[in-house]
Each structure stands twice: as structure tokens, then as C-alpha cells.
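The values are calculated or read from the model by the stated rules, or taken from the named source; none is laboratory data. The structure presented is a predicted model; accordingly, all values stated were derived computationally and were not measured. Virtual Cβ from ideal backbone geometry, glycine too; neighbours counted across all protein chains shown. Calculation scope for accessible area: heavy atoms of the full protein, side chains included, ligands and nucleic acids excluded. Shrake-Rupley method; radii C 1.70, N 1.55, O 1.52, S 1.80 Å.
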Amino acid sequence: MKNIPGLKITENSSSKRILDIKIKEEIINELINLFKRFDLTAIEYKPFTRFTVAKYLDDLINNKLSKYLNDILRDRKTGCFIIGPETITTETNDVFLVKLSTAITHLIGTPNHDSMTGKFYARFYVKHEDKSDSYLRKAYTNMDLHTDGTYVKEITDWLLMTKINEHNVKGGETAMLHLDDWEHCEDLYNDPIGRQNFTWGSPKSKNVDYKVEHPIFSSDENGNPKISYIDQFPEPKNMEQGNFLQKLSDALEESKNKIITKLPVGSSIIANNYFWLHGRRPFVENKNILRELLRIRGKFPVN
Ligand SMILES: [Fe+2]
């Protein structure tokens with residue numbers, strides 16, 4: 001395991017493919033002070049301040065963090081890490097976590113505009129009651145394995161999900177599946193229907209007023225499978241596409257190689273969006289459950 005001063009790096013207890021990175025308390029304390037220079041309005045209104053907070057973080061890790069995180073995300077064998085403060089205190093609060101998540105994402109690229117909130121990030125709650133039109137906020141339903149950015153024009157190379165807070169939560173664990181661990185990958189990747197163009201739309205709450213067309217499977221520069229898929233948004237054009245989607249959905253959900261992991265409060269999970277699928281297990285029913293999440297999706301740096 002790599003040794004970088006300021007960080008505690010271990011293998012995730014559920015998977016060799018996921019790295020757990022804890023930022024040591026002395027670094028977090030320095031960050032808390034440095035981050036005070038900008039309030040959230042500045043971070044939201046002035047894109048360059050996001051790079052400034054990212055530089056504060058990288059400088060404190062002797063400029064080694066940026067390279068390390070980029071290496072993990074591009075490495076087909078891993079492509080995923082969980083990062084967060086070593087200890088959670090009253091000062092590592094929601095505002096701090098928004099800034100820390102902003103800093104992390106600006107070390108790995110630039111975020112896409114999130115149409116759901118009109119910002120570069122989205123904060124949202126999962127609660128007992130929900131009237132929304134997608135699975136994102138439905139606590140008691142399994143959120144099936146999927147990738148992000150399937151219905152938008154923007155390139156979505158990676159995604160970050162931060163658990164800002166939670167109360168009265170049982171269940172709701174993160175489910176992850178790496179394409180190379182998936183028993184049915186070869187079979188479905190080689191099916192010509194998966195290479196056809198599918199139409200992808202989205203429900204009203206997503207605020208995206210166009211549809212896109214793309215196949216489910218493609219290949220990277222080394223010939224490895226890439227996937228772009230979510231169950232709710234493809235609009236099959238015919239029986240062939242409809243049946244393929246059902247077969248794909250069943251083959252993903254029945255996989256025995258899903259990784260089930262509990263994201264600690266204050267931590268973020270970041271994954272390569274081409275060869276990792278993510279989802280969420282249902283919560284155990286409780287009228288008082290509350291989970292607050294933050295998400296950022298984006299692309300790798302462009303020069
Ligand atoms: Fe997602």
C-alpha cells in the first residue's frame with residue numbers, strides 16, 4: 001500500500017479494488033482554517049475558488065494527492081476509492097464537507113452542471129416519505145446498479161457521492177460492481193443489441209429537456225468493456241431492445257460479485273463511471289430516517 005504522509009491508506013474491507021483513504025486530523029485541522037477564506041456562495045459563484053480549495057488540499061499532502069487519486073481512477077484494477085476525514089468533529093460539518101468534496105473533485109477534473117439543482121453539485125435527502133419521480137430518494141426500494149450521466153450530453157468520467165449526515169438509518173448500504181467481476185459481462189458485452197443506439201430520456205425532476213442516443217456497451221482504448229446504463233431511463237424502440245434491457249437488468253441484480261459497503265458519515269466514494277456500476281440497498285423502514293447526500297459528476301482534466 002502506498003505511503004503518503006498525511007494520509008492513512010488501506011484496502012477496503014469488502015474489496016481489494018477499493019482503496020480507503022483517511023485524511024489525518026492535523027491535515028483536516030489546517031484545511032478547516034484555510035477553507036474559512038471562502039463561503040459556499042463564493043464556491044458556487046466563482047469557479048476559480050474551487051481550484052483554490054483543491055490546491056490547499058493538494059499542497060498539504062505535498063502535491064502527491066492529485067496524482068495518486070488520478071492514478072487510482074484510471075487503473076482498471078481499482079478505479080474506486082473512499083476518502084474522508086480520519087475523525088469527524090463538529091467542525092467537519094456539512095459546509096466543510098461540501099468544500100472538501102469540491103476540493104477532491106477539482107483534483108480529478110471538472111464537475112458537470114447538475115441540472116437537478118442548477119449548480120455543480122447536488123445536495124439531497126433520503127427520507128421516510130418521498131413524492132419524487134425517480135429512485136434516487138426512494139428509501140425502501142432497491143436502487144439498481146447503474147452508471148451516471150446516461151441521459152445527458154456531458155461526458156461523465158467519474159462520480160462522487162458524499163454522505164453528509166444520517167440519522168436512524170439501518171440498511172441503505174452502497175452496492176458496487178466492477179465490470180471485470182461481473183459473471184455475465186462477456187455474454188452481454190458481445191451481444192450486438194448492446195451496441196445498438198438506445199434512446200435515453202429522464203423524468204421531470206432531472207430538468208433535462210432533451211433526449212440522447214448511445215449504446216449501452218462500448219470499448220476503451222485497450223479493448224476493455226465500458227458500460228453506460230441505468231434501468232429507469234432507456235426508452236426501448238422495440239421488443240428486441242426491451243428484452244435485452246430486462247436480461248441486462250436481471251443479470252446485474254443477480255450478480256454474486258456485488259460489493260456491499262457502508263459509507264461512513266463524512267466520507268466520499270469516487271468511482272470511474274465506465275467500469276464501475278453503483279446502487280443502493282433498501283433502508284429498513286423507520287419514520288425518522290434521514291440521510292443527506294452530496295453528489296458531483298464530472299470529467300477528467302482537459303489540457
Ligand atoms: Fe447514480
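Name the strands (runs of 3 or more DSSP E) wholly within the range 110-175 that hold at least 2 residues that are more than 14 Å from the ligand (Cβ to nearest atom) and open to solvent by 50 Å² or more (accessible area, probe 1.4 Å)?
Numbers: elements: 122-127, 143-146, 158-167.
Correct list: 122-127, 158-167.
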Pairs where the first residue, in the range 202-227, is within 21 Å of Leu136 (Cβ to Cβ) and the second is assigned to a strand (DSSP E or B) and polar (S, T, N, Q), C-beta under 8 Å, 6+ apart:
Lys211/Thr199; Val212/Thr199
If I filter the range 63-79 for residues that are among the polar types (S, T, N, Q), within 16 Å of the ligand (Cβ to nearest atom) and buried (at least 16 other Cβ atoms within 10 Å of the Cβ), do I get at least one hit?
no
When only residues in the range 246-282 that are in contact with a Phe, Trp or Tyr (Cβ under 7 Å, 6 or more places away or on another chain) and of a type in the set (Gly, Ala, Ser) count, which is farthest from the ligand (Cβ to nearest atom)?
Ser255
Among the listed residues Asp181, Asp157, identify the single one that is in contact with a Phe, Trp or Tyr (Cβ under 7 Å, 6 or more places away or on another chain) and at pLDDT 95 or above.
Asp157
Per the list (1) more than 14 Å from the ligand (Cβ to nearest atom); (2) part of a loop (DSSP other than H, G, I, E, B); (3) open to solvent by 30 Å² or more (accessible area, probe 1.4 Å), residue check on Asp187 breaks on (2)
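Would you point out which residue out of Leu277, Leu252, Leu263, Leu245 is under 30 Å from Glu25 (Cβ atoms) and of a type in the set (A, V, I, L, M, F, W, C)? Quick ask: steps written out before the conclusion?
Details: Leu277 fails: under 30 Å from Glu25 (Cβ atoms); Leu252 fails: under 30 Å from Glu25 (Cβ atoms); Leu245 fails: under 30 Å from Glu25 (Cβ atoms).
Exactly one residue qualifies, and that residue is Leu263.
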Out of curiosity, is Leu293 in a loop (DSSP other than H, G, I, E, B), in contact (Cβ under 8 Å) with a residue 24 or more places away in the chain and within 14 Å of the ligand (Cβ to nearest atom)?
no
